[in-house]
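The structure under discussion appears below in the form of structure tokens.
The values are calculated or read from the model by the stated rules, or taken from the named source; none is laboratory data. From a predicted model like this one, the values you see are computed outputs, not experimental measurements. Here the Cβ positions follow ideal geometry from the backbone for every residue, glycine too, while neighbour counts run over all protein chains shown. Quick note on the areas: whole protein, heavy atoms, side chains included, nothing else; ligands and nucleic acids left out. Shrake-Rupley method; radii C 1.70, N 1.55, O 1.52, S 1.80 Å.
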Protein chains: 2
Amino acid sequence: MDEIRRSKLISTYRDGLLEDTLPFWIKHCVDREHGGFMMSLDRDGTVIDTDKGVWQQGRFTWLLGELYNNVEQRPEWLELAKHGAQFLDDHCFDPRDGRMWFHVTRDGKPIRKRRYAFSESFAAIAFGELAKATGDQRYAERAKRTFQRFIDHNLDPQGTDPKFTDTRPLRGLGFPMITIATAQELRESIDLPEANEWIDRSIDDIRQFHLKEDIQCVMETVGSSGEIIDHFDGRTLNPGHAIEGAWFIMLEGKLRGDGELIRTGCQMLDWMWQRGWDPQNGGMLYFVDVNGLPVQEYWHDMKFWWPQNESIIATLCASLLTSDPKYERWHRMIHDWTYSHFPDADHGEWFGYLHRDGSLSSTLKGNFWKGPFHLPRMQLVCWQLLAESSE
Amino acid sequence: MDEIRRSKLISTYRDGLLEDTLPFWIKHCVDREHGGFMMSLDRDGTVIDTDKGVWQQGRFTWLLGELYNNVEQRPEWLELAKHGAQFLDDHCFDPRDGRMWFHVTRDGKPIRKRRYAFSESFAAIAFGELAKATGDQRYAERAKRTFQRFIDHNLDPQGTDPKFTDTRPLRGLGFPMITIATAQELRESIDLPEANEWIDRSIDDIRQFHLKEDIQCVMETVGSSGEIIDHFDGRTLNPGHAIEGAWFIMLEGKLRGDGELIRTGCQMLDWMWQRGWDPQNGGMLYFVDVNGLPVQEYWHDMKFWWPQNESIIATLCASLLTSDPKYERWHRMIHDWTYSHFPDADHGEWFGYLHRDGSLSSTLKGNFWKGPFHLPRMQLVCWQLLAESSE
């Protein structure tokens, strides 16, 4: 990558993060009356639903702590991270079983708990950053305990009706992937003792059960022994999700100096780029069928913001780690397509939901799934990777 | 409506039903090996998922019985209806609690049960038609018992974790609407003694809780006292669904000679046509927000087949019952838009899923939701209404 493009990209990512994404959210989402963050925003930042998604409370708290610990010790960021952690503590755990809610009212009354436990993974990394930022061991204990709850519930769910019978047990890519990212964060923030063990175990699971060399594919959902399930659920691929997993593994390889891990991550990217890139309109499709058959999910061919974010990170990461010009080309393709369709020139930040052809489907800036997470994480990780590589 | 258009429409609906829709499904979905029907078909009728949705088993069985009882006593239709009922009996009830499954394997092993009980409503009307067709009282008993299970579980769910806490109790349009249609069918097929009582009660509930004169709207989901809930779920309207309810109530008014019911149904249609018709591209949108805000569901602006089917029935029904020329105009708009976008000229039957602009999103002809139900019901009801009106 030439120096001019590198420096232009750094400023795109860094300035986008610090002067657009972050100010947009800080200005509009902080709830000074009831604590926490209201993330359901229309394009101009108007709150259109005061309910609070618990994932988002943890994710924004994590981001603020991550920025404080790694970018600059701005008191505002630390204050807001504590504000988020306080709401998590006060309202997001069910005292009856210690599990976390998924959806609460503005003032923290519970609306919904899910069968799975991803609220816990995001809260854990939020508490971890606060432990590092403040040196307060109570945050570190909270982070460890919440990580353990995430692990325990996913391995052996208690107190919830299973969604499916045991006729056809399935294994999803989500749990090992999120475990890698969560353990990576907690290793960095609180030096979690079992982090490497969980990362190794999760990468092994992905390699053993989800990577299919013969068909060049990362399967999102497989049978309990990794067999391909020839039904809608089993055939449905989520290329953006697999590509997110790819860069988690590449970065692990980079950190450990392990070329095998980098090759695994690049292989996942190679396979899923081929399957997910939309040759007709550009951008990454949401779902595709492993055999090219129709997908049952209605939004399969829409362009969501986050698969583009993950693909931008993964292609940049692969480009910098391998110097293979293919990855620089891919990074340019996905970066340019994404930046020409998602940013909102009028009100800042990005739209989240486009039709296949790139036209706008919804003006929503945030909801239970879109918030200050994938976009600012992409901006931060890409800025960091480029800055390191030019040192 | 002039006689030429009427007779052209009759042949469109009747011939579409008898020469296109029905042969497509009979040719492709009948499972002679394991019983029941495989409905997950690609555009040419290829089975792409052998799993069986229980709703669809009941719905197609009902349709076959309905045609046998009301159109022509074709032995093939009766044989296939019995074939469907046999699979329902053999594999679709959970012996542990008497509730029905939602999703089973090709050979009838259970995969999933839902928290709600709509499998029961469709199975009940299927058994009802078979009772009428065969005179066999065992089918009638089965119909009554299954209807009672549908009612009981919806009023007082047992043995399922509720999806939400009791912080914000909600009331949906689905239960009273499906209760009306189910009771109407069972009144006709087995003369269900409590049918009128359930229909009256359900119409009262819809009037009391869901119809909002002041804002000219049918609310899909309200609080337990009918209050509007100013959050995503509460603001989300489903115009095609409300319009389906509108024609159930119009037909009840027609049957009883009750002008008030006809006016209620027309009012529901008037309000929701204004909210659901897409002035930009034509056709009925899937979801819209009561205040014009963004909707959270990703497929909100797609054009699904069934809201168009329901709108075709409701506008025709209103036109024939009131002679208001507005309804004939609306019927022409929705009929013409739908027939110019959904039918598959190459392989017959209709596509189910279009983008907002009418372009194809998926080639699927069937899945757990699309099968031989909304389209053939529209063809049958519209044919019958037009034929009666020209007598």
Residues whose built amide H sits under 5 Å from the amide H of residue A:49, excluding neighbours closer than 5 in sequence, are A:40
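How many percent of Cα pairs in the protein assembly as shown exceed 48 Å? Can you show the working numbers first?
Working: 67296 of 305371 pairs.
Considering the protein assembly as shown, 22 percent of its Cα-Cα pairs are separated by more than 48 Å.
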Partner shielding of B:289-300, taken as the mean number of other chain Cβ atoms within 10 Å, equals 5
Position residue A:289, label points 7 Å along Cα→Cβ, spacing to each other copy in nm (shortest first, one decimal):
3.4
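Quick one: ranking A:323, B:40 by accessible area, 1.4 Å probe, largest first, what do you get?
Values: A:323 95, B:40 0 Å².
I get A:323, B:40, largest accessible area first.
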If you average over every viewing direction, what projected area does the convex hull of the Cα atoms of region A:94-150 give, in nm²?
4.2 nm²
Between copies, how far does the label point of residue A:230 sit from its twins, in nm, shortest first, when each point is 7 Å from Cα along Cα→Cβ?
5.5
Lys, Arg +1 and Asp, Glu -1 on Cβ, resulting dipole of chain B about Cα centre, debye, nearest 20:
440 debye
For region A:36-143, what is the relative contact order in percent, using Cα pairs closer than 8 Å and at least 6 residues apart in sequence?
28 percent
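What FRET efficiency comes out for the pair residue A:263/residue A:70, r = Cβ-Cβ distance, R0 = 30 Å, nearest 0.05?
Numbers: r = 27 Å, r/R0 = 0.91.
Efficiency computed from Cβ-Cβ geometry: 0.65.
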Choose one of A:13, B:381, A:255: the residue whose Cα lies farthest towards the positive end of the charge dipole of the protein assembly as shown (beta-carbon charges +1 Lys, Arg; -1 Asp, Glu; about the Cα centre).
A:255
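Indicate the gyration tensor shape class of region A:157-277 (rounded, prolate or oblate), computed on the Cα atoms with a ≥ b ≥ c the square roots of the eigenvalues: a/c under 1.5 is rounded; otherwise a/b larger than b/c is prolate and the rest oblate. List each step's numbers first, then the result.
Values: a/c = 2.21, a/b = 1.21, b/c = 1.83.
Because a/c hits 1.5 or more and a/b fails to exceed b/c, region A:157-277 counts as oblate.
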About its Cα centre, region A:34-163 carries a charge dipole, from +1 on Lys and Arg Cβ atoms and -1 on Asp and Glu Cβ atoms, whose size in debye to the nearest 20 is 380 debye
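Explain nothing, just the number: dipole magnitude of region B:183-247 about its Cα centre with +1 on each Lys and Arg Cβ and -1 on each Asp and Glu Cβ, in debye rounded to the nearest 20. Could the numbers behind the result be given before it?
Numbers: 5 positive and 15 negative charges, 38 e Å.
The calculation lands at about 180 debye.
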Distance (nanometres) between label positions extended 7 Å along Cα→Cβ at residue A:339 and residue B:155
6.3 nm
In whole Hz, what ³J(HN,Hα) sequence does region B:289-300 give by Karplus (6.51, -1.76, 1.60; θ = phi - 60°), x for Gly and Pro?
8, 4, 9, x, 7, x, 9, 7, 5, 5, 9, 3
Determine, at each q value in 0.10 (inverse angstroms), the log₁₀ of I(q)/I(0) that the Debye formula gives when each Cα of region A:34-163 is one equal point scatterer.
-0.31
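Return the inverse of the average 1/r over all pairs of distinct C-alpha atoms in region B:119-194, which is the Kirkwood hydrodynamic radius, in Å to one decimal.
13.3 Å
How high is the relative contact order of region A:142-225, in percent, with contacts defined as C-alpha pairs under 8 Å that are six or more residues apart?
On the way: 61 pairs, mean separation 27.6, N = 84.
So the answer I get is 33 percent.
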Taking a ≥ b ≥ c as the square roots of the eigenvalues of the Cα gyration tensor of region A:298-391, is the shape rounded (a/c under 1.5), prolate (a/b larger than b/c) or oblate?
prolate
Assume the label is 7 Å from Cα along Cα to beta carbon: what separations in nm does residue B:79 have to the matching positions in the other copies?
8.0
Relative packing of B:362-371, A:24-33, A:241-250, B:270-279, which averages over residues the other C-beta atoms within 10 Å, highest first:
A:241-250, B:362-371, B:270-279, A:24-33
So what are the ³J(HN,Hα) numbers for region B:312-326, from phi and the Karplus equation (6.51, -1.76, 1.60; θ = phi - 60°), rounded to whole Hz, Gly and Pro as x?
5, 4, 5, 5, 5, 4, 5, 5, 6, 7, 10, 6, 5, x, 4
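Using the Cα gyration tensor of chain A, with a ≥ b ≥ c the square roots of its eigenvalues, what is the shape: rounded (a/c below 1.5), prolate (a/b larger than b/c) or oblate (neither)?
On the way: a/c = 1.29, a/b = 1.10, b/c = 1.17.
It comes out rounded by the Cα gyration axes.
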Would you compute, from DSSP H runs of 4+ residues alone, the mean residue ellipticity of chain B at 222 nm, taking -39500 (n - 2.57) per run and dividing by the full residue count, rounded to the nearest 500?
-17500 deg cm²/dmol
I'd like to compare B:3-14, B:346-357, A:172-183: which one has the highest average count of other Cβ atoms within 10 Å, and what's the full order after that?
A:172-183, B:346-357, B:3-14
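Please average, across the residues of A:356-362, the number of beta carbons from any other chain that are within 10 Å of each residue's own beta carbon, and give a whole number. Numbers along the way, then the final one.
On the way: counts 3, 3, 0, 3, 1, 9, 7.
The shielding value for this peptide is 4.
Any idea what the alpha-carbon Rg over 2.2 N^0.38 Å comes to for region A:51-118?
Working: Rg = 12.9 Å, N = 68, 2.2 N^0.38 = 10.9 Å.
Rg over 2.2 N^0.38 Å, computed on Cα atoms: 1.18.
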Per residue, the convex hull enclosing the alpha carbons of region A:1-110 has a volume in Å³ of 124 Å³
Scalar couplings 3J(HN,Hα) for region A:229-238 by Karplus 6.51 cos²θ - 1.76 cosθ + 1.60 (θ = phi - 60°), nearest whole Hz, x for Gly and Pro, are 9, 7, 9, 3, 4, x, 8, 6, 9, 10
